[in-house]
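This report concerns only the one structure given below.
Read-outs throughout are calculated quantities, based only on the coordinates presented, and are distinct from any laboratory measurement. Note that the structure is predicted; figures quoted are calculated from it, not measured. Positions of Cβ are generated from backbone atoms using ideal geometry, with glycine treated the same way; all protein chains shown enter the neighbour counts.
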Protein chains: 2
Amino acid sequence: MTMAGDTRREPPRGGGIAFLLAQIGAQAATLFAERVAALDLTPPQAGLLRAITRQAGESQQWFAKRLGVPPSRFVQLVDSVEQRGLVERRRRPTDRRAYGLYLTDAGEELMKELGKVGRAHEEDITRGLSAEQRAALHEALTHIADGLGLTPEVHPGYRQLR
Amino acid sequence: MTMAGDTRREPPRGGGIAFLLAQIGAQAATLFAERVAALDLTPPQAGLLRAITRQAGESQQWFAKRLGVPPSRFVQLVDSVEQRGLVERRRRPTDRRAYGLYLTDAGEELMKELGKVGRAHEEDITRGLSAEQRAALHEALTHIADGLGLTPEVHPGYRQLR
DNA sequence: TATTGTTATACTCTATAACTATA
DNA sequence: TATAGTTATAGAGTATAACAATA
């Protein structure tokens, strides 16, 4: 099934690895957007829910910085998931300017669905690769991400569905 | 130098291969945008110049479809490089509705610089990977791109520099 | 009537900066 | 005076659809 060593293409695939990464990354982001749309979520909303799962109770400023989103945009993002009953803002008694963010029960439920969607998406992208190829690919990509100074949480490439 | 088999991270890097691809792809696109900005080009302009290099004389419609850009946007794209003297529109005698697109001498010159930029960018991204890792990575990415139905020319992920 | 290229317009997404309430 | 959150506004980028010239 895997066409090992297929380099017969001419002209050669433009731009090599960097071009392929940009091209595939954009397509992966689009496919992910389509998948989470089935849960009535946008990719930024999905990213926020996941971040809250990991760091429940942190302030909006904290999440906004962590996710690389400007505070003004972040407000609307929180509004959108709060109005759907997925996330709660809780005033902090110690500093009444700040809100801590928490998932509601409905939010926790949706996160399970989101986990399934993520696994299906992963399978979509890596379909046809052997376990060895996947391991090597994951290692190479992690190496590149580290070299580019990318941190696991920040995802500058979220894309809305048109 | 390469940290082979580094899977100690916790929590594990989010989303696995698909997430890494989207994250890296976005960053690669941004870095490329910064590099071509040194030539006073945007990524879509660079993509157009490269396409014309390969298929000089084809019509605007042909290129627009090939690059996945709507005709209305394509007009402005051609305008921008024509005004800089990099590209020429030539009316077709056989069908006076259509224009064939050609690089000017200045355009050919700039393409050489663009080639250098592309190679430097490729090195930026793949820095620290062994020759074997690069070959395996290229193969895996080509496989993924084929699986996603991506063609070598179309690049839906061009991103403007902000 | 259909097609190439063009223009006009409207819409989406985003960031900048001003504003409020608390500290 | 400084900070968390919010709101208002303006800009960039994009697509949709109407238009002119040629077939």
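Quickly run through the stretch A:107-159 and pick out the residues that are assigned to a helix (DSSP H, G or I) and of a type in the set (Val, Ile, Thr). Scanning the stretch A:107-159 gives A:Val117, A:Ile125, A:Thr126, A:Thr142, A:Ile144. State whether the residues of the stretch B:31-38 include one that is closer than 18 Å to A:Gln23 by Cα, within 14 Å of chain A (Cβ to nearest Cβ) and within 13 Å of DNA strand C (Cβ to nearest atom). No, the conditions are met nowhere in the stretch B:31-38.
Among the criteria (1) out of contact with any Ser or Thr (no Cβ under 9 Å at 6 or more places or on another chain); (2) within 13 Å of DNA strand C (Cβ to nearest atom), the one B:Leu101 does not fulfil is (1). Return yes when B:Leu41 is away from chain A (no Cβ under 14 Å), over 20 Å from A:Gly25 (Cα atoms), more than 11 Å from DNA strand C (Cβ to nearest atom) and buried (at least 16 other Cβ atoms within 10 Å of the Cβ) and no when it is not. When the stated conditions are applied, B:Leu41 passes them.
No other residue among B:Ala26, B:Ala38 is under 17 Å from the mean Cα position of the chain (by Cα) and closer than 27 Å to A:Arg35 by Cβ apart from B:Ala26.
Picking from residues in the stretch B:75-106 that are within 13 Å of DNA strand D (Cβ to nearest atom) and in contact with a Phe, Trp or Tyr (Cβ under 8 Å, 6 or more places away or on another chain), the one that is farthest from the other protein chains (Cβ to nearest Cβ) is B:Arg91.
Annotation for the stretch A:146-153: no member residue is without any contact (Cβ under 8 Å) to a residue 60 or more places away in the chain and more than 11 Å from chain B (Cβ to nearest Cβ). With the condition kept exactly as written, say whether any residue in the stretch A:50-69 is within 12 Å of DNA strand C (Cβ to nearest atom), closer than 27 Å to A:Leu150 by Cβ and within 13 Å of chain B (Cβ to nearest Cβ). There is at least one residue in the stretch A:50-69 that is within 12 Å of DNA strand C (Cβ to nearest atom), closer than 27 Å to A:Leu150 by Cβ and within 13 Å of chain B (Cβ to nearest Cβ). Going through the stretch A:75-97 one residue at a time, which ones are within 11 Å of DNA strand C (Cβ to nearest atom) and assigned to a strand (DSSP E or B)? Across the stretch A:75-97, the qualifying residue is only A:Arg91. If you go through the stretch B:57-74 and pick out every residue that is surrounded by 13 or more Cβ atoms within 10 Å (Cβ to Cβ) and either more than 9 Å from DNA strand D (Cβ to nearest atom) or part of a helix (DSSP H, G or I) (or both), you end up with 11.
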